[in-house]
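Just below is one structure, and these are the notes that go with it.
FYI, it's all coordinate maths here, none of it is from the lab. Since we're looking at a predicted model, the values are computed, not measured. Methodologically, a virtual Cβ is constructed for each residue, glycine included, from the backbone with ideal geometry; neighbour enumeration extends over all protein chains shown.
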Amino acid sequence: MTGNIVAAYQSDGQPGGDRTVKALVVEDDLDALDLTTYVLRRDGYTVIGAVDGKQALRRWEKEHPDLVILDVMLPKINGFEILRRIRSESSVPVIMVTGRGEDEDVLLGLGLGADDYVVKPFSYRQLLARIQTALRHSAGRKAGHGQSAP
């Protein structure tokens, strides 16, 4: 899966560009952050990391990432609140990656607008596939596909 969506993703969401996807990975477990960063970079993504909620929001505002991989249980501001704030201004793909897998948590995350909800432990191959799916759906929305006719 060597980043085929990465190489073909433009800022306008149309295929054919040569810009890599910028991913914000928000994870307070440094080992998990390092591993996720490594896997995404190996697959061609540009990665920005954040280890707490305040840092995540600062990096979100400064970097304008194309994708957010977001843990729920974070210091300072939790992932659900970060998702609320992102959704108040953007439809960028957000994938929750968390140890909180109870139905209430999954339903809350999806209800707040997460594009996907992945419970730890998980397969990085599956995460990469889910990322590509979320980016494809986002590109389709930007291009106006899937919208109903007036």
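Order of Phe80, Phe122 from fewest to most other C-beta atoms within 10 Å?
Details: Phe80 22, Phe122 12.
Ascending number of Cβ neighbours within 10 Å: Phe122, Phe80.
When you filter the trypsin sites (Lys or Arg not before Pro) in the stretch 45-87 for DSSP loop state and at most 16 other Cβ atoms inside 10 Å of their Cβ, you are left with Lys76.
Ranked by how many other Cβ atoms sit within 10 Å of their own Cβ, fewest first, the residues Asp116, Asp43 fall in the order Asp116, Asp43.
Could you work out the relative contact order of the stretch 4-141? I mean the mean sequence separation of Cα pairs under 8 Å and 6+ apart, divided by the number of residues, in percent.
Working: 233 pairs, mean separation 28.2, N = 138.
Contact order relative to length: 20 percent.
The charge dipole of the stretch 52-150, taken about its Cα centre with unit charges on the Cβ atoms of Lys, Arg (+1), Asp and Glu (-1) only, comes to about 340 debye. Computed from phi, the 3J(HN,Hα) profile of the stretch 128-137 under the Karplus parametrisation 6.51, -1.76, 1.60 (θ = phi - 60°) reads 4, 5, 5, 4, 4, 4, 4, 5, 4, 5 Hz, with x in place of Gly and Pro.
Taking amide H positions as modeled 1.01 Å from N, with prolines and chain starts lacking one, the residues under 5 Å from Val118 and 5 or more places away or on another chain are Met96, Val97, Thr98.
How do His64, His137 rank when sorted from fewest to most other Cβ atoms within 10 Å of their own Cβ?
Working: His64 12, His137 16.
In order of increasing Cβ crowding within 10 Å: His64, His137.
Cα-based radius of gyration for the stretch 4-141, normalised by 2.2 N^0.38 Å, reads 0.96.
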